[in-house]
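J.: This is the structure I want to talk about, given as C-alpha cells.
The values are calculated or read from the model by the stated rules, or taken from the named source; none is laboratory data. Owing to the predicted nature of the structure, the values given are computational and were not obtained by experimental measurement. Glycine also receives a Cβ, built like all others from the backbone with ideal geometry; neighbour counts cover every protein chain displayed. SASA here: full protein model, heavy atoms, side chains in, ligands and nucleic acids out. Shrake-Rupley method; radii C 1.70, N 1.55, O 1.52, S 1.80 Å.
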Amino acid sequence: MRALVYNGPFDVTVTDVPDATIEAPTDAVVRITTTNICGSDLHMYEGRTGVEPGTVFGHENMGVVEEVGPGVTGLKVGDRVSLPFNIGCGFCANCVARRTGFCLTVNEEMAGGAYGYASMGPYRGGQAELLRVPFADFNALVLPEGTEHENDFTMLSDVFPTGWHGVELSGQRPGESVVVFGAGPVGLMAAHSAMLRGASQVFVVDKQPDRLALAEAYGCTPLDYSAVDVVEQLTDATGGLGVDRGVEAVGYQAHDASGDEDPALTLNQLFASVKATGGIGVVGVYLPQDPGAPTEDLKNGRIALDYGLFFSKGQTMGTGQANVKSYNRELRDLIVAGRAEPGKIVSHELPLEDAPRGYDQFDKRVDGWTKVLLKPAA
Ligand SMILES: NC(=O)c1ccc[n+]([C@@H]2O[C@H](COP(=O)([O-])OP(=O)(O)OC[C@H]3O[C@@H](n4cnc5c(N)ncnc54)[C@H](O)[C@@H]3O)[C@@H](O)[C@H]2O)c1
Ligand SMILES: [Zn+2]
Ligand SMILES: [Zn+2]
C-alpha cells in the first residue's frame, strides 16, 4: 500500500510499505477515506521530537472497515468509522474511567497510545491506504453510512474533541467569557465548542489573517497579537476583571510577534488575562524532552512560568492529551443535527500522493492553508 513516511526533518515521501493486516483477533483493518495533517504532525516534521525515520504518520483517520478479526463483534465489513487518535484497550482503569488518552496497556513507554506518533507506541499511522485498528470494537465510532458530512466527521478523530476538551478543562459554564490562544484547527474547534456550550463572548488570539477570519465566522472576536497588546485588550474588554476561562491551543512552539520561539509566552499571557479564580485548559502540546531546543532547561521541558502570578490569582489549570472517546459520540450527533460545523475549517483536500506539498505549505503556515485533508481512496 502507499503511505506517507518520515525520512528526517522537513523530509517526507509517499512510498510503498507492507499492507496493514489483522495482527490480533480484536483488530480491524480500515480503508482510509480521509486522513488529516495535524499541527501535532508538524512538531515531528520539524524534527522537534524523538520520532524515528521510517515512521508512517497520521493519527486523524476515518474510513470504511475492510476486514475484522475473529474477536470483533460490534463492527462489520463496510461500516463507516471514525478512529480516535488515542488507542485505548477498553479494560484498564483509565479506559474504564473514559480517560482513553492515558490507556495503561497499549504503550510500554508511558500512559497513552496513538497512531503514527512519537513515543505513543508501535502503531503505524493512517496517512496511507489502510490502517490497522487495535481493539476495534472499543476504538471505532460508527458513522451514518454514505459520504455525507465527510469533512465534518473527519474532525471527530482529533481536533473537534480536542478543542472541546480544552474548554471542558477550563471549567466553562454557560454565559461565561472565554479566550482561546491559537487559531489553528485545535484553537478554532475550541472556539466553536465554547460558542456551542453557551459562552457569552469568545476571544481568539493569533496573527494569521485567514485563521482569525474563520474565528469570526464562528461568531468569535479575533485579536491579532502582532498588532495589539493582547493582555491589555482582554483586561479592558472585561472591565479590568479578566476573562472567565482560557484555552491554550498553541503549545511549546509558540512564537512572539517578531517570530521568535517562546514556550512560556501563551501560558503566561493566560495567567495574566484570565480572572482571579478563573480556569485554564491546556491542549497545546508541551514535551518532557525537546532535543531541538536551544538551552539545557528547554531540552528537558523546563519552561519559565509566572507560577507566582498563577498561584496568587487562585487559578486552576488542566492539561494533557484529549480523551477523544469521552466526546466523539455526542459531537457526531451535533454534526448530524446540523448544530456543529467543524468542517468549515477545511482549506485543502489533496490526494495522498500530494501529502509532501501539504506538509510543506501547512508547516510554513502559508496564508489560506488552515486544515489539509488527504484522500487516499481518491
Ligand atoms: N492535547 C491534545 O490532545 C492535542 C491534540 C491535537 C493537537 N494538539 C496540539 O495543539 C496545538 C495546536 O494544534 P493545531 O493543529 O491547531 O496547530 P497549528 O500549528 O496549525 O496552530 C497553531 C496556531 O498558533 C498560532 N500561534 C503561534 N504563536 C502564537 C501566540 N504567541 N499566540 C497566539 N497564537 C499563536 C499560530 O499562528 C497557529 O495558527 C499543537 O501543539 C498540537 O500539537 C494537542
Ligand atoms: Zn491531530
Ligand atoms: Zn486502556
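J.: In the stretch 215-258, what residues are touching a residue at least 40 places away in the same chain (Cβ under 8 Å), open to solvent by 30 Å² or more (accessible area, probe 1.4 Å) and more than 18 Å from Val274 (Cα to Cα)?
T.: If the condition is that a residue be touching a residue at least 40 places away in the same chain (Cβ under 8 Å), open to solvent by 30 Å² or more (accessible area, probe 1.4 Å) and more than 18 Å from Val274 (Cα to Cα), then Ala217, Ala257 are the ones that fit.
Table: residues versus (1) at pLDDT below 95; (2) open to solvent by less than 30 Å² (accessible area, probe 1.4 Å); (3) over 19 Å from the mean Cα position of the chain (by Cα).
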{"position": "Gly278", "(1), (2), (3)": "no, yes, yes"}
{"position": "Val282", "(1), (2), (3)": "no, yes, no"}
{"position": "Gly292", "(1), (2), (3)": "yes, no, yes"}
{"position": "Ala304", "(1), (2), (3)": "no, no, yes"}
{"position": "Ser312", "(1), (2), (3)": "no, no, yes"}
{"position": "Lys325", "(1), (2), (3)": "no, no, no"}
{"position": "Asp333", "(1), (2), (3)": "no, no, yes"}
{"position": "Glu341", "(1), (2), (3)": "no, no, no"}
{"position": "Ile345", "(1), (2), (3)": "no, yes, no"}
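J.: Then there's this: Those residues that are at positive phi and open to solvent by 10 Å² or more (accessible area, probe 1.4 Å), I need them from the stretch 171-197; list them, please.
T.: Result: Gly171, Gly175.
J.: Same structure again: Collect the residues in the stretch 60-111 that are of a type in the set (S, T, N, Q) and either open to solvent by less than 50 Å² (accessible area, probe 1.4 Å) or touching a residue at least 24 places away in the same chain (Cβ under 8 Å) (or both), keeping them in residue-number order.
T.: Correct list: Asn61, Thr73, Ser82, Asn86, Asn94, Thr100, Asn107.
J.: When you check Val202 against the structure, is it in contact (Cβ under 8 Å) with a residue 24 or more places away in the chain, within 11 Å of ligand 1 (Cβ to nearest atom) and not assigned by TED's automatic domain parsing to the domain that holds Leu334, yes or no?
T.: No; evaluated as a whole, the condition is false for this residue.
J.: Here is a follow-up. Of the residues that sit in the stretch 121-165 and are open to solvent by 10 Å² or more (accessible area, probe 1.4 Å) and within 16 Å of ligand 3 (Cβ to nearest atom), which one is nearest to Asp333 (Cα to Cα)?
T.: Filtering the stretch 121-165 for residues that are open to solvent by 10 Å² or more (accessible area, probe 1.4 Å) and within 16 Å of ligand 3 (Cβ to nearest atom), the one nearest to Asp333 (Cα to Cα) comes out as Ala140.
J.: So Val366 fits all but one of (1) assigned to a loop (DSSP other than H, G, I, E, B); (2) open to solvent by less than 30 Å² (accessible area, probe 1.4 Å); what number is the exception?
T.: Of (1) assigned to a loop (DSSP other than H, G, I, E, B); (2) open to solvent by less than 30 Å² (accessible area, probe 1.4 Å), only one is false for Val366: (2).
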